[in-house]
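Peer 1: Questions regarding the structure given below will be posed in turn.
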Amino acid sequence: MVLNKNIEMVAAFNKDGKVVPVRFRIFSEDESYSVFTIKKILKVDEIKVDRVESIIFNCISTINNVDKNIELKYIKDTCKWYLYKMSS
């Protein structure tokens, strides 16, 4: 399921200077929010579309007590994070 929802991210940097997502917060329409921790990063791809550089992280996170495969997108130019896809 494609969501492309803007999220707040807590990230770290590894010894090579690469960004690593750790935990994210997603807001509901009523301004409440939920926090989720990244359990495992499965794959990382760097892409460039129309001169916009992004990093795509395929990860596993526990959402509603179920491990879900999620895809996070980090836009380098704007430093914004998105919960791009989620599958069950």
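Peer 1: What does the net charge come to around K39 if you take all other residues with beta carbon closer than 11 Å to its beta carbon, with K and R at +1 and D and E at -1? It would help to have the intermediate numbers written out before the result.
Peer 2: Working: positive: R23, K40, K68; negative: D67.
Net local charge, K39 excluded: +2.
Peer 1: For the chain, what relative contact order do you get, as a whole percent, if you take Cα pairs closer than 8 Å and at least 6 residues apart? Don't jump to the answer; show the numbers that get you there.
Peer 2: Working: 186 pairs, mean separation 23.5, N = 88.
Value for the chain: 27 percent.
Peer 1: Tell me the relative contact order for the range 49-88 as a rounded percent, counting alpha carbon contacts under 8 Å between residues six or more apart. Write down the numbers at each step before the final one.
Peer 2: Values: 67 pairs, mean separation 14.3, N = 40.
Across the range 49-88, relative contact order equals 36 percent.
Peer 1: Quote to one decimal, in nm, the extra length available between L3 and T62 on full extension: 0.36 nm per residue of separation minus the C-alpha distance between them. Intermediate results must be reported in sequence, preceding the final value.
Peer 2: Numbers: separation 59, 0.36 × 59 = 21.24 nm, distance 1.68 nm.
Contour length minus the Cα-Cα distance gives 19.6 nm.
Peer 1: By how many nm would the segment from R51 to S28 grow when fully extended, if each residue of separation counts as 0.36 nm and the alpha-carbon distance is taken off? If you can, show how the numbers build up before the last one.
Peer 2: Numbers: separation 23, 0.36 × 23 = 8.28 nm, distance 3.12 nm.
Contour length minus Cα-Cα distance gives 5.2 nm.
Peer 1: Which of the pairs K48/K68; K5/K40; K15/K85 have their Cα atoms more than 22 Å apart in this structure?
Peer 2: Values: K48/K68 26 Å; K5/K40 20 Å; K15/K85 28 Å.
Table pairs above 22 Å Cα-Cα are K48/K68; K15/K85.
Any read-out appearing in this document is the output of simple, stated calculations on the displayed coordinates, not a laboratory observation. What you see is a predicted model, and the numbers here were worked out from it, not measured in a lab. Methodologically, a virtual Cβ is constructed for each residue, glycine included, from the backbone with ideal geometry; neighbour enumeration extends over all protein chains shown.
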